[in-house]
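Taking it in order: structure first as structure tokens, then the write-up.
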């Protein structure tokens, strides 16, 4: 059996796995915190060790496993032709030759694409967007990314930055984003910014069980804390999740009007909010987008929890190999 090592590099976690060539199986899956603050060399060393462990585990389980190569998903923007991360604010990488480093360290041919592109491609290949021709994916984590599948192909645009949904402006005089712009969707609806909005409300005197959940240490509140409180019926947490749905709905409605997709897949921890997110999200999209676009499109959570980027990174390698 032939496999591709898929690597998903996020601002919070590194995830690896060996994906069967036909997408039917995943072996040796493992993850570890990114710890970008430790520096680039440390991140790369731990990533390589994680990848090597994954390959070894796969070969132990399947002695005749052939590892064809490596697909890597990394935060962008990227130059995929040269295999370079041009800028990754959450990792502190600038003009970083990631593909060559992975090739040299693992001794395998490698291909590189945007991490959000990979997540969307994975969901389109074997997940929630399979059997469609036109799909959009949004990944919500440390940042917000996105990817476009148009007529059955991953769309990169003229300079590899198509799909940067998180940096669509939803408020021209809004919050400052890490990219330097103001009012980006990411500045409101990424995981850290969901937590920040909740903390801001608490600091102005809002009543909530959130404070008790972290023993009064508001710095420990995360998006996950907010989702858990929302599921338990906390009014402030529900308000934060509802506002998140409204912000996301504004961005997604614009995408429906421009691209008219069959499905929009929402990936990441935010999906844990369940109907508290998806009901107002679908309502906001229906309020803002053209009715024919809304009628043609499903708004769904991803199916490949935690591994969509790994599957998609492997598919990037396979597609590059097929087109070589």
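Counting DSSP beta bridges in the chain, what percent are antiparallel, to the nearest 5?
Just about 55 percent of them are antiparallel.
Please find the FRET efficiency linking residue 296 to residue 275, where r is the Cβ-Cβ separation and R0 is fixed at 22 Å, and quote it to the nearest 0.05.
0.50
What is the order of 118, 184, fewest Cβ neighbours within 10 Å to most?
Result, fewest neighbours first: 184, 118.
For the chain, what relative contact order do you get, as a whole percent, if you take Cα pairs closer than 8 Å and at least 6 residues apart?
20
How far apart, in nm, are the 7 Å Cα→Cβ label points at residue 323 and residue 64?
About 3.2 nm separates the two model spin labels.
How do 155, 311 line up, fewest other C-beta atoms within 10 Å first?
Ascending number of Cβ neighbours within 10 Å: 155, 311.
Given points 7 Å out from each Cα along the Cα-Cβ axis, report the residue 21 to residue 2 separation in nanometres with one decimal.
0.3
Would you compute, from DSSP H runs of 4+ residues alone, the mean residue ellipticity of the chain at 222 nm, taking -39500 (n - 2.57) per run and dividing by the full residue count, rounded to the nearest 500?
The per-residue figure over the chain is -13000 deg cm²/dmol.
Would you give the gap between the C-alpha center of segment 247-324 and the C-alpha center of segment 135-174, rounded to a whole Å?
Cα centroid to Cα centroid, the span is 10 Å.
Based only on other Cβ atoms within 10 Å, what is the fewest-to-most ordering of 190, 305, 88?
Least to most surrounded, the residues fall as 305, 88, 190.
With the convex hull built on the Cα atoms of segment 72-134, state its orientation-averaged projected area in nm².
That works out to 5.1 nm², a quarter of the Cα hull's surface.
Which residue, 62, 136, 84, has the most motion in a Gaussian network model of the chain that connects Cα atoms within less than 10 Å?
62
Who wins for biggest fluctuation among 109, 81, 167 in a Gaussian network model of the chain, springs between alpha carbons below 10 Å?
So, out of 109, 81, 167, the one fluctuating most is 81.
Which residue, 145, 251, 309, tops the fluctuation ranking in a GNM of the chain built on C-alpha contacts under 10 Å?
Between 145, 251, 309, it is 251 that shows the largest mean-square fluctuation.
Relative contact order for segment 240-324 using alpha-carbon pairs under 8 Å, separation at least 6, rounded to a whole percent?
Normalised by residue count, the contact order of segment 240-324 is 39 percent.
From Cα pairs below 8 angstrom and at least 6 apart in sequence, can you work out the relative contact order of segment 131-301, rounded to a whole percent?
Computed over segment 131-301, the figure is 22 percent.
Residue 150 to residue 206: FRET efficiency via 1/(1 + (r/R0)^6), r the Cβ-Cβ distance, R0 41 Å, to the nearest 0.05?
0.45
Going by average Cβ density within 10 Å per residue, which order do the peptides 172-178, 158-164 take, highest to lowest?
158-164, 172-178
I need the fraction of alpha carbon pairs in segment 131-301 separated by more than 19 Å, rounded to a whole percent.
When all Cα pairs of segment 131-301 are counted, 55 percent exceed 19 Å.
No lab work stands behind these numbers, since they all come straight from the coordinates. Just so you know, these numbers come straight off a predicted model, no measurement behind them. So basically every Cβ, Gly included, is an ideal-geometry build from the backbone, and we count neighbours across all protein chains shown.
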